[in-house]
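The values are calculated or read from the model by the stated rules, or taken from the named source; none is laboratory data. Just so we're clear, the structure is a prediction, and the values are computed from it rather than from any experiment. Please note: Cβ atoms are built from the backbone with ideal geometry, for glycine as well, and neighbour counts cover all protein chains shown. We work out accessible area using only protein heavy atoms, side chains counted, and drop any ligands, DNA or RNA first. Shrake-Rupley method; radii C 1.70, N 1.55, O 1.52, S 1.80 Å.
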Amino acid sequence: MHGRPLIFLMDNHMIEWNDKYSVNISLIDEQHKKLFEIINKAIIAKKHGRTTKDVLEILDEMTEYALEHFELEERYMKEFNFTGYKTHRNEHIDFTNNSLDYKNRVVGGDSEIINEILEYLKQWLVKHIQVTDKKYIRCFKENGIK
Ligand SMILES: [Fe+2]
């Protein structure tokens, strides 16, 4: 695992959007909401006993969308010379690597791990938005991003 380990309190609950997650930048909020949505889709699929293959497909969709989203944030950070760019980008890279590691474990036959993956995704996203993403708000706003 890359980065700091997270504590897994497995609740199997969906993640609900809350205004406290808003970065007050409409496009980024929309993308964050979409990530919540895809993760929730995977949680429901798992709950309803859908096949591992189905859940993996949703996780792939999530990884793909996350990459698109990270690219946007990173493009802005670079363009605006945001000082926290490197640290922030490293968190994105950690997340991408962890997701890939997890996926490979499932593909390798470890389907027991799916609940842990879903929990990781939820916790990572919520924490990343509230702690790391919030740091660029001022910089982005100063550069005219709404
Ligand atoms: Fe981010």
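In the range 111-122, the condition of being in contact (Cβ under 8 Å) with a residue 24 or more places away in the chain, among the basic types (K, R), assigned to a helix (DSSP H, G or I) and within 13 Å of the ligand (Cβ to nearest atom) is met by no residue.
Taken over the range 87-110, the criterion of being exposed (fewer than 15 other Cβ atoms within 10 Å of the Cβ) and within 14 Å of the ligand (Cβ to nearest atom) is satisfied by T87, N90, I93.
Taken over the range 21-34, residues that are touching a helix residue (DSSP H, G or I) at 6+ places or on another chain (Cβ under 7 Å), open to solvent by 50 Å² or more (accessible area, probe 1.4 Å) and assigned to a helix (DSSP H, G or I) amount to 1.
From the list K78, K146, the one residue that fits, being over 30 Å from T51 (Cβ atoms) and away from the ligand (no atom under 15 Å from the Cβ), is K146. Name every residue in the range 35-58 that is open to solvent by 20 Å² or more (accessible area, probe 1.4 Å), touching a residue at least 24 places away in the same chain (Cβ under 8 Å) and within 16 Å of I15 (Cβ to Cβ), in order of residue number. Residues satisfying the conditions are N40, I44, K46, K47. For the range 117-140, filtering for residues that are over 11 Å from the mean Cα position of the chain (by Cα) and open to solvent by 50 Å² or more (accessible area, probe 1.4 Å) leaves 5.
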